[in-house]
Amino acid sequence: MSENEEQLSDRQSFEQEQNELTKRRLAELDELKKQNVNPYPYGFDVNAYSADILESFRDDAPPSEVSVAGRIVSLRRMGKASFCHIRDSKGKIQIYLKRDDIGSIYDQFKLMDIGDIVGVNGVVFRTKTGEISIHAKSLELLSKSVRPLPVVKEKVDEQGNKVVFDPFSDKEMRYRQRYVDLVVNHEVREVFVKRARVVSSIRKFLDERGYLEVETPVLQPIYGGAAARPFVTHHNALDFDFYLRISDELYLKRLIVGGFEGVYEVGKDFRNEGMDKSHNPEFTMLELYVAYKDYNWMMDLVENMIRSVSLSVAGSAKVKVGENTIDFTPPWRRVTMLDSIKEVTGEDLNGKSEADLAAAAKRLHVEVEPSMGAGKIIDAIFSELVEPTLIQPTFITDYPVEMSPLAKRHRSKPGLVERFELMCNGHELANAFSELNDPIDQRSRFEEQARLKARGDEEAMVVDEDFLRALEYGMPPTAGLGIGIDRLTMVLTDRESIRDVMFFPQMKPEK
RNA sequence: GGGGCUGUAGCUCAGUGGUAGAGCAUCUGCCUUUUAAGCAGAGGGUCGCAGGUUCGAUCCCUGCCAGCCUCACCA
């Protein structure tokens with residue numbers, strides 16, 4: 001079937017899909033056109049918003065006239081007078097329409113429905129039952145809705161709690177048709193407003209310190225900077241397969257080599273792996289690299305930055321997340337990975353051989369594979385036993401070198417690197433290190449990764465010769481940081497699924 | 001990938017091996033300050049898809065599709 005034929009067939013199926021409700025609305029649309037009403041006009045002069053009107057209304061003030069626009073979300077018709085609520089970007093407000101006041105417009109209004117977008121001009125007043133409303137002098141259809149919206153009703157009970165009836169709650173539909181979710185479940189909108197504030201407050205914080213926001217390639221000939229499987233795509237003109245980036249790291253460090261002393265990028269990374277409550281195939285990452293600094297300095301910066309983000313987004317350094325209250329007030333606890341394991345399990349793994357580590361894992365009922373090296377065993381014990389216990393923001397420091405091929409060796413602890421992860425609410429929020437800038441060591445670390453890859457580790461890194469060449473020219477000592485913006489937003493908005501902080505989380509295509 | 005749960009009207013959900021149900025929404029009538037408006041009446045369904053068992057399947061069985069939870073994997 002050709003593309004055109006498919007489109008044609010889609011249109012036919014849309015027509016077949018029309019049910020009684022849709023047909024009814026299409027008939028109303030025709031009737032409005034017959035009455036010379038343009039159901040899709042070009043604009044409307046708005047001069048007021050629902051929430052502002054409700055806030056500024058005074059019973060003893062002279063009546064004020066306003067023009068508002070929004071979507072009809074509830075409707076109560078009583079013969080020759082009607083009430084409806086319209087929702088605009090700031091909230092909703094009741095409209096009162098009386099036939100004797102608006103004449104033929106009232107007949108047009110009878111052809112409108114929940115879901116239609118209207119502009120209203122009228123006078124603000126308070127009804128008998130006390131609700132601040134707009135007494136319409138005119139009403140104009142701004143967009144006719146031909147597909148019925150879920151109708152959610154709510155009331156406030158005696159205790160002052162909002163009770164919702166028939167909520168639009170089907171998760172699949174809420175994600176696939178986020179536009180409906182946003183219209184009907186208005187509180188969803190708040191999450192995304194906060195998300196935008198997370199990003200803008202990070203930008204403000206970093207810009208104020210003089211770091212330069214940059215953009216680096218999403219399509220990369222070699223992927224790197226993280227342990228993950230990539231997506232592959234094809235460039236036709238070059239006849240070459242590119243990878244969608246799994247991280248920005250190696251490009252940003254090239255810019256440090258080039259002489260920028262502080263660069264950051266906020267962008268999408270793509271990882272071709274499983275999906276769950278904290279993983280989406282594409283996600284947003286902040287990466288920051290600052291020359292002449294190390295990971296200790298970076299911990300200070302992260303504390304200050306996230307405190308400042310929390311203040312901007314939540315209005316406080318303390319945030320309620322599920323059952324817990326998380327306090328981002330610095331300083332945060334800093335503990336080495338091995339010490340944290342010792343605290344939780346009583347096992348001192350410092351300097352232990354691989355066999356000793358495997359035995360310790362067995363004692364702790366942590367499953368390990370024979371193929372796992374020392375670093376992976378330690379990581380497995382940490383992930384399973386320690387990570388879930390870390391609710392308050394905590395820096396876990398000094399990781400085994402074999403887990404961190406891009407991090408600089410620890411200045412005093414053999415076998416470890418200068419790396420930290422920020423743990424919070426039982427999850428990792430950030431990852432950072434003193435960046436490895438020794439080109440000889442970097443080459444041998446890549447070669448070790450290549451050996452792992454040859455052994456079947458699909459997530460091992462590949463050797464990036466151009467990146468090595470850049471390091472050979474010389475990179476200053478540098479501190480690097482990555483923060484998962486989605487996960488940070490989850491904490492700051494108290495959402496337990498990454499899907500709830502993304503407008504359009506990945507879904508299998510509808511059939 | 002394993003396990004569990006789910007899919008019935010526009011929305012939220014009951015339900016049964018024998019013509020498919022409710023509330024809200026919709027439609028008709030009445031109603032000029034209602035608010036989960038109300039009163040009276042009416043219409044609306046490929047019971048996710050495809051097979052199988054059966055005289056008969058929305059229900060039982062198998063496969064598939066999609067979603068959620070969970071484990072594994074994974075930053």
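The values are calculated or read from the model by the stated rules, or taken from the named source; none is laboratory data. Keep in mind that this is a model prediction, so the values were computed, not measured. Note that we place each Cβ from the backbone using ideal geometry, even for glycine, and neighbour counts take in every protein chain shown.
A single member of A:Ala358, A:Ala374, A:Ala317 is of a type in the set (A, V, I, L, M, F, W, C), more than 14 Å from RNA strand B (Cβ to nearest atom), touching a Pro at 6+ places or on another chain (Cβ under 9 Å) and more than 29 Å from A:Leu436 (Cβ to Cβ), and it is A:Ala317. For the stretch A:211-260, which positions are of a type in the set (Lys, Arg) and within 16 Å of RNA strand B (Cβ to nearest atom)? Matches in the stretch A:211-260: A:Arg229, A:Arg245.
Just one of the listed residues (A:Phe242, A:Phe260) is assigned to a strand (DSSP E or B), more than 19 Å from the chain's Cα centre (by Cα) and of a type in the set (Phe, Trp, Tyr), namely A:Phe242.
Looking at A:Leu97, A:Leu149, just one residue is of a type in the set (A, V, I, L, M) and either modelled with pLDDT under 95 or farther than 21 Å from A:Pro63 by Cβ (or both), and that residue is A:Leu149. Hey, can you tell me all the residues within the stretch A:66-100 that are crowded, with 16+ Cβ neighbours inside 10 Å and either within 8 Å of RNA strand B (Cβ to nearest atom) or not assigned by TED's automatic domain parsing to the domain that holds A:Gly122 (or both)? Across the stretch A:66-100, the qualifying residues are A:Ser74, A:Leu75, A:Phe83, A:His85, A:Gln94, A:Tyr96, A:Arg99. Of all the listed residues (A:Lys171, A:Lys90, A:Lys155), the sole one being basic (Lys, Arg), farther than 20 Å from A:Asn38 by Cβ and touching an Asp or Glu at 6+ places or on another chain (Cβ under 9 Å) is A:Lys90. Report yes if some residue within the stretch A:288-300 is more than 16 Å from RNA strand B (Cβ to nearest atom), part of a loop (DSSP other than H, G, I, E, B), crowded, with 16+ Cβ neighbours inside 10 Å and assigned by TED's automatic domain parsing to the domain that holds A:Arg411; otherwise report no. Checked the stretch A:288-300: at least one residue is more than 16 Å from RNA strand B (Cβ to nearest atom), part of a loop (DSSP other than H, G, I, E, B), crowded, with 16+ Cβ neighbours inside 10 Å and assigned by TED's automatic domain parsing to the domain that holds A:Arg411. Within the stretch A:145-197, the residues that satisfy the criterion of being more than 9 Å from RNA strand B (Cβ to nearest atom) and of a type in the set (Ser, Thr, Tyr) are A:Ser145, A:Tyr179.
Can you spot a residue in the stretch A:229-237 that is among the aromatic types (Phe, Trp, Tyr), part of a loop (DSSP other than H, G, I, E, B) and touching a residue at least 12 places away in the same chain (Cβ under 8 Å)? Taking every residue of the stretch A:229-237 in turn, at least one turns out to be among the aromatic types (Phe, Trp, Tyr), part of a loop (DSSP other than H, G, I, E, B) and touching a residue at least 12 places away in the same chain (Cβ under 8 Å).
Against the list (1) surrounded by 19 or more Cβ atoms within 10 Å (Cβ to Cβ); (2) assigned to a loop (DSSP other than H, G, I, E, B); (3) over 23 Å from the mean Cα position of the chain (by Cα), the condition A:Tyr251 fails is (2).
Within the stretch A:109-130, none of the residues are of a type in the set (D, E, K, R), at pLDDT 95 or above and away from RNA strand B (no atom under 16 Å from the Cβ). Annotation: of all residues in the stretch A:469-511 being in contact with a Pro (Cβ under 6 Å, 6 or more places away or on another chain) and more than 28 Å from A:Arg307 (Cα to Cα), the one that is surrounded by the most Cβ atoms within 10 Å (Cβ to Cβ) is A:Leu471.
Within the stretch A:368-408, the residues that satisfy the criterion of being surrounded by fewer than 20 Cβ atoms within 10 Å (Cβ to Cβ), modelled with pLDDT under 85 and of a type in the set (Gly, Ala, Ser) are A:Ser371, A:Gly373, A:Gly375.
Residues that are aliphatic (A, V, I, L, M) and under 22 Å from A:Lys268 (Cα atoms) number at least 3 in the following helices (runs of 4 or more DSSP H) confined to the stretch A:398-499: A:485-493. When we screen A:Ile105, A:Ile132 for residues that are aliphatic (A, V, I, L, M), touching a strand residue (DSSP E or B) at 6+ places or on another chain (Cβ under 9 Å) and more than 25 Å from A:Val184 (Cα to Cα), the only hit is A:Ile105.
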